[in-house]
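All remarks here apply to the structure that follows.
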Amino acid sequence: MVPASLSRRSFGKLAGVAALGLTTHADAAESTAVGSAPFPKDFLWGTATSSYQIEGAVAEDGRGRSIWDTFSHTPGKIEDGSTGDRAVEHFHRYKDDVALIKALGVKAYRFSIAWPRVFPDGVGQPNPKGLDFYNRLIDELLANGIEPYATLYHWDLPQALQDRVGGWQSSDTSKALGDYAAYVAERLTDRVKNIFTVNEVGRFVNFGYGWGIDAPGLKLPAAQLNQARHHVALAHGLAVQAVRASGRAGTRVGAAENIAACVPAIATPENIRAAEIATRELNAGFLGVVLEGKYTDGFLAYAGADAPKFTPEELKIIATPNDFVGLNIYAPQFYVTASDKAPGFHVLPFPTSFPHMNSEWLRIGPEVIYWAPRIAAKIWNIETIYISENGTSSEDKIAADGQVYDLDRIMFLRNYLTQMQRAIAEGVPIRGYFLWSLMDNFEWIFGYGKRFGLYRVDFETQARVPKLSAAFYRDVVARNAIGV
Ligand code: BG6
């Protein structure tokens, strides 16, 4: 129905738009190629979770404590005062949860292994019972035709390592991750063909060791923070080598990083170049050193006396070739324009009116999932990218009829997926997508106050109910295209 308010003047405006060669609603049907064209035939649709956020059962089968157990039990650290002690009881409900994954029609599931289940003290005596949980989970996934993608480290560092050597402040922790990776690879890669080493270095190092926001809640000075990040990069390299040495031939391995995502504010050639420079410099501390085998001159000059200490041998380990790069993409972090002055880009301030989703940090900029992979692939010659996380929180209230109409999540996904398809259509090598998250869970410092799931979880009864976005995603996966 044409609203009465759509006056002749409005039609005139539309005609003007058409004259400029821009698309109007009327001819949109003919130009839906971006939104509705199918994704590549073998595109990998998946969903993702992490151990501490969903498992619960923190004292079962010999699991050791992690820094997140300690942190969440420290008064004042978690917004709603909750912990992951129970989480969403995935440890006991994993079979039902695999059925939920299957119902989405996805081919892959990214989960993380809790290091303290496998090595309760971080090193030394393994706990086979702890690994058995993942054996059961993997077997259940495969029996249901779902490919397991395992992450070795999604932030639940064994508390013993934090206590003994200061966690990531010591390269002993890097070596410990390598040994844990070897142990896991030897036992799981008969069935797990893809392994992510570490998840979001850009977050857990800065938030956990720099700003005191995440576990272990430290506020280290810049030099120690840079050193800790270097130890994580070293751990990643050692883990890649360990998977190659101890896993079945052909096991693929890479990191999952929340790339500092830089978007040209206006896509002129100069600004695009500026976004490339910014991406390289602002990711120099992890992705850059992993993919280039060196810290950029800009990074070292900026850090000055606070730069990390390293040896050429360590850089070689860090830069052991990866099989893929995982990018976790949510908000555009930096909009940039070109600058004549070093370092060649301006970072623009965000207006306070910039829109965000239910999580305040989650600014809405669907084009970020186009630009970040496109720029990363170009500057580091990456051949295989997975979007290892993307998704949003939503209010997720239950309507009177018992349903959850999370239209904002559907809006978010539709727009981000459209931009992802734009990238793929232009040849950016994105091979798969893992939607965060399968179900509501313990959202770190937000406790149970933010919901990111496709399934709503009643945290009391633990009942799981599909939200409308689950139907949306199932439809995308089934047609391998975004419905119009
Ligand atoms: C990513 C993490 O940063 O975003 C996930 O890898 C996390 O573990 C998700 O759940 C949402 O973040 P947050 O801080 O809102 O819980």
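The values are calculated or read from the model by the stated rules, or taken from the named source; none is laboratory data. In this text, all values refer to a predicted model and were calculated from it rather than measured experimentally. Using ideal geometry, Cβ is built from the backbone for each residue, glycine included, and neighbour counts are taken over all protein chains shown.
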Pair list, Cβ < 7 Å and 6+ apart or interchain, from the stretch 182-202 residues that are among the β-branched types (Val, Ile, Thr) to residues that are surrounded by fewer than 19 Cβ atoms within 10 Å (Cβ to Cβ) and modelled with pLDDT of 95 or more: THR189/ARG248; THR189/THR251; ILE195/THR251
Close pairs from the stretch 98-126: first closer than 26 Å to LYS41 by Cβ, partner basic (Lys, Arg), Cβ under 8 Å, at least 6 apart: LEU100/ARG464; ALA103/ARG474; LEU104/ARG474; GLY105/ARG474
Residues of the stretch 380-390 satisfying the condition of being more than 16 Å from the ligand (Cβ to nearest atom) and not polar (S, T, N, Q): TRP380, ILE382, GLU383, ILE385
Search result, residues across the stretch 129-165 that are under 24 Å from the mean Cα position of the chain (by Cα), of a type in the set (A, V, I, L, M) and more than 16 Å from the ligand (Cβ to nearest atom): LEU131, LEU137, ILE138, LEU141, LEU142, ILE146
Count of residues meeting criterion [outside any loop (DSSP other than H, G, I, E, B) and surrounded by 18 or more Cβ atoms within 10 Å (Cβ to Cβ)] in the stretch 302-338: 12
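A quick yes/no check of all residues on (1) closer than 20 Å to ASN328 by Cα; (2) surrounded by fewer than 21 Cβ atoms within 10 Å (Cβ to Cβ); (3) charged (D, E, K, R):
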position	(1), (2), (3)
GLY432	yes, no, no
LEU438	yes, no, no
PHE446	yes, yes, no
GLY449	no, yes, no
LYS467	no, no, yes
ARG474	no, yes, yes
VAL477	yes, yes, no
GLY483	no, yes, no
Count - residues of the stretch 435-462 that are out of contact with any Ser or Thr (no Cβ under 6 Å at 6 or more places or on another chain) and more than 12 Å from the ligand (Cβ to nearest atom): 8
Residues of the stretch 208-240 classified as surrounded by fewer than 19 Cβ atoms within 10 Å (Cβ to Cβ) and of a type in the set (A, V, I, L, M, F, W, C), total: 4
Inter-residue pairs, beta-carbon under 7 Å, first within 16 Å of the ligand (Cβ to nearest atom) and in the stretch 327-344, second of a type in the set (Ser, Thr, Tyr), 6+ apart: LEU327/SER388; ASN328/SER388
Unmet requirement for GLU360, which otherwise passes all of (1) within 12 Å of the ligand (Cβ to nearest atom); (2) part of a helix (DSSP H, G or I); (3) free of Cβ contacts under 8 Å to residues at least 24 places away in the same chain: (2)
Tabulated pairs, the stretch 259-275, first in contact (Cβ under 8 Å) with a residue 60 or more places away in the chain, second among the aromatic types (Phe, Trp, Tyr) and part of a loop (DSSP other than H, G, I, E, B), C-beta under 9 angstrom, 6+ apart or interchain: ALA261/TYR330
Tally, over the stretch 263-301, of residues that are touching a Lys or Arg at 6+ places or on another chain (Cβ under 6 Å) and part of a loop (DSSP other than H, G, I, E, B): 0
Number of positions in the stretch 392-419 that are more than 16 Å from the ligand (Cβ to nearest atom), part of a helix (DSSP H, G or I) and surrounded by 14 or more Cβ atoms within 10 Å (Cβ to Cβ): 7
Residue match in the stretch 288-302 (condition: under 23 Å from the mean Cα position of the chain (by Cα) and within 15 Å of the ligand (Cβ to nearest atom)): no
Residue that is surrounded by the most Cβ atoms within 10 Å (Cβ to Cβ), among those in the stretch 155-177 that are assigned to a helix (DSSP H, G or I), on the phi < 0 side of the Ramachandran plot and small (Gly, Ala, Ser): ALA176
Some residue of the stretch 371-379 being within 16 Å of the ligand (Cβ to nearest atom), more than 18 Å from the chain's Cα centre (by Cα) and outside any loop (DSSP other than H, G, I, E, B): no
Helices (runs of 4 or more DSSP H) enclosed by the stretch 32-108 - at least 1 residues per element that are over 30 Å from ALA481 (Cα atoms) and within 16 Å of the ligand (Cβ to nearest atom): 51-54, 67-72, 90-104
